[in-house]
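*Asks:* Quick one: the structure is below, and I'll ask about it shortly.
The values are calculated or read from the model by the stated rules, or taken from the named source; none is laboratory data. Predicted model, so just to flag it, every value in this text is computed and none were measured. All Cβ positions, glycine included, derive from the backbone under ideal geometry; neighbour counts span all protein chains shown. Calculation scope for accessible area: heavy atoms of the full protein, side chains included, ligands and nucleic acids excluded. Shrake-Rupley method; radii C 1.70, N 1.55, O 1.52, S 1.80 Å.
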Amino acid sequence: MNRADWPQHWIEWEAGLREAPYRSYLYSYPHKTAYHEINPPIPLSTLWSKEKLESYFLYMHIPFCGARCGFCNLFTLPDRRADVHVEYVDALERQAREWAPFVKGSPFSRFAIGGGTPTLLSAELLERVFHIAKQEMGLDTEQVSISVETSPDTVTPDRLEVLKKHRTDRISMGIQSFVEEESIAIHRPQKPALVRQALGMLQEYRFPLLNVDLIYGLPGQTVESWLYSLEQALSYNPGEIFIYPLYIRENTILKPGQTGLEKDIRLELYKAASQRLLQAGYKQFSMRRFAREGAGTTKSLLPYSCQEEGMVGLGCGARSYTQGVHYASRYGTSIAATRHILADYVAAKRHDAVDYGFILNEEERQRRFILKALLHAEGLELAAYSERFGAEPFVHVPELSMLVGTGVAYIEENVLRLTEEGMGYSDAIGDWLISSDVRNRMEGYVHA
């Protein structure tokens, strides 16, 4: 259809997309701010007895970091005290032992240790975390892809030896910027020399996949300084690079209006980076993820579907996903709230029931399936959706036709995909597809 023939609401929608491409990062759906009290609580034995997926994701959350970055609103606490770390791992082990009867024997295809900064733990405690995963949860490191997050100041030989011993496939390091002034502006105490030292050490250990995280839209950042950081990252030949737009959210150190930029140039920065990464031989898998062909594990992995995504999340702040219920510990972003929730977790006697989360009805399961596919390069297989939900996605979510009509998505071989331009608008498209119920819950959430 020619643009001149578009309905007025299409024209208004497209204009809004271009005016506000950065709305929210929908890394999970429903978002955790839509979670609420579940009363009466659901016993884990009841919840997990109904799950029969081909494979599951095992995740362990370590909610500690060396310092809180100015943009961070994750569930994490700046705390380097060894005794606090020990108490937490003790609680993590108790939870694993309690959950094991319900999920042990599940065919895990992925295992990730995230945070925070998991490698803030000592080498001995990292060893314990792997022991918990293997001995308590039944993780088979020969059949599972393993990912661990780290930071430049915690990359040390003793920690890397533990990760190597347990056949870690993917190391992900948040660098954000190679420009010291930009790091200072986001309250990240990090010297470029330390970053380079850490990257050099990671190269020496030859993990199958090295991922580097960078952020664009930082205070004072220009296209030139952004591309400088990107070139520095490329010089280490990482198999994967994630580029994140800066968002300033509730309870972060940075406040709106503190970016130091006269206008929002994030889309310009995104386009410059995606063009350079494609030139460098990377393939785009999402708005954020670029990877080299063939980069990754050499293990023979079990099949895993991100749309199904059964997840067993251990640790305070970790989410767990069954097909009908998503759940977690209480959510908080301020240091005070995080400390309180963490103290409750460490002191808890039982972890055998779900009392906080989101129960997905059929509509939310449909939207989740669509979002998890559409915002990735693989796209939404129309036949797979129809087989699962009994009708094409355009029947259940009619507004999807607007994506095709306005040219930000296309259908090829019965798969709905975003165009190259559409991929750059993922954060606006994802936000637009949030259901009214989930949005109302998110907007009604009081940040603590």
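*Asks:* For region 137-195, which semi-axes, largest first and in whole Å, follow from the square roots of 5 times the eigenvalues of its Cα gyration tensor? Intermediate values should be presented prior to the final figure.
*Replies:* Numbers: eigenvalues 178, 27, 12 Å².
In descending order, the three semi-axes are 30, 12, 8 Å.
*Asks:* While we're looking at this one, here's another question. How much accessible area does Ile132 have with a 1.4 Å probe, in Å² rounded to the nearest 10?
*Replies:* Only protein atoms counted, so the area is about 0 Å².
*Asks:* Once the cut-off is 20 Å, how many percent of the Cα-Cα pairs in region 50-108 end up in the long-distance tail?
*Replies:* Here the tail beyond 20 Å accounts for 46 percent of pairs.
*Asks:* Compare the Cα positions of Gly294, Ala383, Gly116 along the charge dipole of the chain (+1 at Cβ of Lys, Arg; -1 at Cβ of Asp, Glu; about the Cα centre) and return the one farthest towards the positive end.
*Replies:* Gly116
*Asks:* What ranking of Tyr27, Tyr22 comes out by heavy-atom accessible area, probe 1.4 Å, highest first?
*Replies:* The ranking, largest first, comes out as Tyr27, Tyr22.
*Asks:* Let me ask you something else. Provide, as a two-decimal number, the C-alpha radius of gyration of region 325-415 over 2.2 N^0.38 Å, N being how many residues it has.
*Replies:* For region 325-415, the normalised Cα radius of gyration is 1.57.
*Asks:* Continuing with the same structure: Based on DSSP H assignment, which helices of the chain show an axial Cα extent of at least 24 Å together with a mean Kyte-Doolittle hydropathy greater than or equal to -0.5?
*Replies:* Span-like helices, by this rule, are 82-103.
*Asks:* Per residue, what accessible area does region 398-448 have, given a 1.4 Å probe and all protein chains present, in Å²?
*Replies:* Ligands and nucleic acids excluded, the result is 44 Å² per residue.
*Asks:* Over region 368-433, what percent of the accessible surface lies on carbon and sulfur atoms, probe 1.4 Å? Please list the in-between numbers first.
*Replies:* On the way: 1220 of 2530 Å².
About 48 percent, which is the carbon plus sulfur part of the accessible surface.
*Asks:* Another question about this same structure. Between Arg206 and Leu382, what is the spin-label point distance in nm, taking each point 7 Å from the Cα along the Cα→C-beta axis?
*Replies:* My value for the distance between the label points is 4.8 nm.
*Asks:* Here is a further query. Would you work out if region 7-74 is rounded, prolate or oblate? Take a ≥ b ≥ c from the square roots of the eigenvalues of the alpha-carbon gyration tensor; rounded if a/c is under 1.5, else prolate when a/b is larger than b/c, oblate otherwise.
*Replies:* In terms of gyration-tensor shape, oblate.
*Asks:* Then there is this: Taking loop as defined by DSSP and a crowding limit of 15 other beta carbons within 10 Å, which GluC sites (Glu not before Pro) in region 113-191 fit?
*Replies:* Filter output for region 113-191: Glu142.
*Asks:* Hey, another quick one. Evaluate 2.2 N^0.38 Å with N set to the residue count of the chain, then give the Cα radius of gyration divided by it.
*Replies:* Working: Rg = 21.6 Å, N = 448, 2.2 N^0.38 = 22.4 Å.
Output field value: 0.97.
*Asks:* Loop by DSSP (not H, G, I, E, B), at most 10 other beta-carbon atoms within 10 Å: where is the longest site-free stretch of the chain for trypsin sites (Lys or Arg not before Pro)?
*Replies:* In short, 82-205.
*Asks:* Using the structure shown, list the pairs from Lys134/Lys164; Lys52/Lys372; Lys32/Lys372; Lys165/Lys283; Lys52/Lys134; Lys283/Lys372 with a Cα-Cα distance above 23 Å, or answer none.
*Replies:* Correct reply: Lys165/Lys283.
*Asks:* Counting every Cα pair in region 89-246, what percent are over 26 Å apart? Mind dumping the intermediate values first?
*Replies:* Details: 4098 of 12403 pairs.
Percentage above 26 Å: 33.
*Asks:* Rounded to the nearest 20 debye, what is the charge dipole size of the chain about its Cα centre when +1 sits on each Lys and Arg Cβ and -1 on each Asp and Glu Cβ?
*Replies:* The calculated dipole for the chain is roughly 840 debye.
*Asks:* Can you tell me the convex hull volume per residue for region 186-242, based on C-alpha atoms, in Å³ to the nearest whole number?
*Replies:* Expressed per residue, the convex hull around the Cα atoms of region 186-242 is 86 Å³.
*Asks:* Along the Cα→Cβ direction, 7 angstrom out, place labels at Val415 and Gln8. What is the inter-label distance in nm?
*Replies:* For Val415 paired with Gln8, the spin-label model returns 3.9 nm.
*Asks:* Largest first and to the nearest Å, give the Cα extent of region 74-171 along each principal axis.
*Replies:* 36, 26, 25
*Asks:* Can you list the GluC sites (Glu not before Pro) in region 328-430 that are in a DSSP coil and have 10 or fewer other beta carbons within 10 angstrom?
*Replies:* Here the GluC sites (Glu not before Pro) that fit, given the DSSP loop and packing criteria, are Glu413.
*Asks:* So with the 1.4 Å probe, I'd like the accessible area per residue for region 33-166, rounded to whole Å².
*Replies:* With all protein chains present, region 33-166 gives 38 Å² per residue.
*Asks:* I need two numbers for region 1-128: Rg to one decimal and Dmax as a whole number, Cα atoms only, in Å.
*Replies:* Computed over the Cα atoms of region 1-128, radius of gyration and Dmax are 21.5, 67 Å.
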